[in-house]
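Here the structure is laid out as structure tokens; the discussion comes afterwards.
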Amino acid sequence: MSRAALSGEALADRLRAAVAHTSPPSSDYDPERDRDLYQPPLRDAGVLAAFHEDDGRLFLTKRAATMRHHPGQIALPGGKVDPGDPDVTAAALREAHEEIGLHADQVEVIGTLPVHHTVTRFRITPLIAVIRGPFTPLPEPGEVAEVFTLPFAHVTDAANYRLERRDWQGTPRAYPVAPLGPYYLWGATARILMGLAERLRS
């Protein structure tokens with residue numbers, strides 16, 4: 001079955017097979033050159049890669065231009081673990097509800113990918129999930145400029161990702177991108193989804 005045709009239980013089963021693979025954590029940086037960035041304190045966060053059961057489309061956000069961190073960037077719903085969150089799963093589900101109006105009772109969490117370390121000192125746990133039933137996103141106006149979807153076939157095809165380079169705080173960095181139309185998918189979000197794409201290919 002092609003990626004484009006996946007839906008319902010076939011979609012959920014394919015995602016279950018992908019998260020069953022083992023692999024090391026991913027990161028934004030070179031672990032030899034930037035080894036100190038792995039050291040505490042790191043802030044734990046959870047993000048939700050939620051694919052709709054109808055056709056596998058993935059929900060993403062464009063962050064508001066007024067946000068202090070990463071304004072205007074494309075992101076998966078989610079955020080840092082707050083003191084009231086029992087774990088990263090609870091944090092990701094809470095943030096998804098706040099950011100795009102997705103209720104936890106519509107979400108079937110399939111599993112997690114290995115953590116992703118960012119140069120902004122976050123330790124992100126990506127949750128892979130399926131949205132069950134009709135869902136109309138409600139963007140939180142203070143944080144989210146837009147909620148949109150990308151096709152399953154685009155985000156899960158490893159051939160759609162390429163490396164680009166730019167300076168970050170005076171240091172050259174290589175990072176993956178997978179743009180489609182007006183949406184420039186890049187950085188940590190692209191790296192997390194590229195990891196999923198690689199697992200789906202294996």
Practice prompt. Would you check if Glu164 is assigned to a strand (DSSP E or B) and either within 17 Å of the chain's Cα centre (by Cα) or surrounded by fewer than 18 Cβ atoms within 10 Å (Cβ to Cβ) (or both)?
Written response: yes
Fill in: Count of the range 171-200 residues which are in contact with an Asp or Glu (Cβ under 8 Å, 6 or more places away or on another chain), part of a helix (DSSP H, G or I) and either open to solvent by 10 Å² or more (accessible area, probe 1.4 Å) or over 10 Å from Asn160 (Cβ atoms) (or both)
3
Worksheet item: Looking at the range 23-78, which of its residues are assigned to a loop (DSSP other than H, G, I, E, B), open to solvent by 80 Å² or more (accessible area, probe 1.4 Å) and at pLDDT 85 or above?
Response: Asp54
Practice prompt. Please tell me if Phe135 is open to solvent by 20 Å² or more (accessible area, probe 1.4 Å), over 19 Å from Asp55 (Cα atoms) and touching a strand residue (DSSP E or B) at 6+ places or on another chain (Cβ under 7 Å).
Written response: no
Discussion item. Any residue in the range 172-187 that is among the acidic types (Asp, Glu) sitting within a Cβ distance under 7 Å of a residue that is part of a strand (DSSP E or B)? List the pairs, counting only those 6 or more apart or interchain.
Written reply: none
Discussion item. Cβ contacts < 7 Å: first residue over 17 Å from Thr189 (Cβ atoms), restricted to the range 129-150; second residue part of a loop (DSSP other than H, G, I, E, B) and open to solvent by 40 Å² or more (accessible area, probe 1.4 Å), any location; separation 6+ or different chain. Result?
Written reply: Val130/Glu53; Ile131/Glu53; Arg132/Glu53
Item to complete: Being surrounded by 16 or more Cβ atoms within 10 Å (Cβ to Cβ) and part of a helix (DSSP H, G or I) is the filter here, so list the residues in the range 146-161 that pass it.
Response: Phe152, Ala153, His154, Val155, Ala158, Asn160
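The values are calculated or read from the model by the stated rules, or taken from the named source; none is laboratory data. On a predicted model such as this, the values are computed, not experimentally measured, just so you know. A quick note on method: Cβ atoms are made from the backbone with ideal geometry, for glycine too, and the neighbour counts reach across all protein chains shown. In case anyone asks, the SASA skips ligands and DNA or RNA and just uses the protein heavy atoms, side chains included. Shrake-Rupley method; radii C 1.70, N 1.55, O 1.52, S 1.80 Å.
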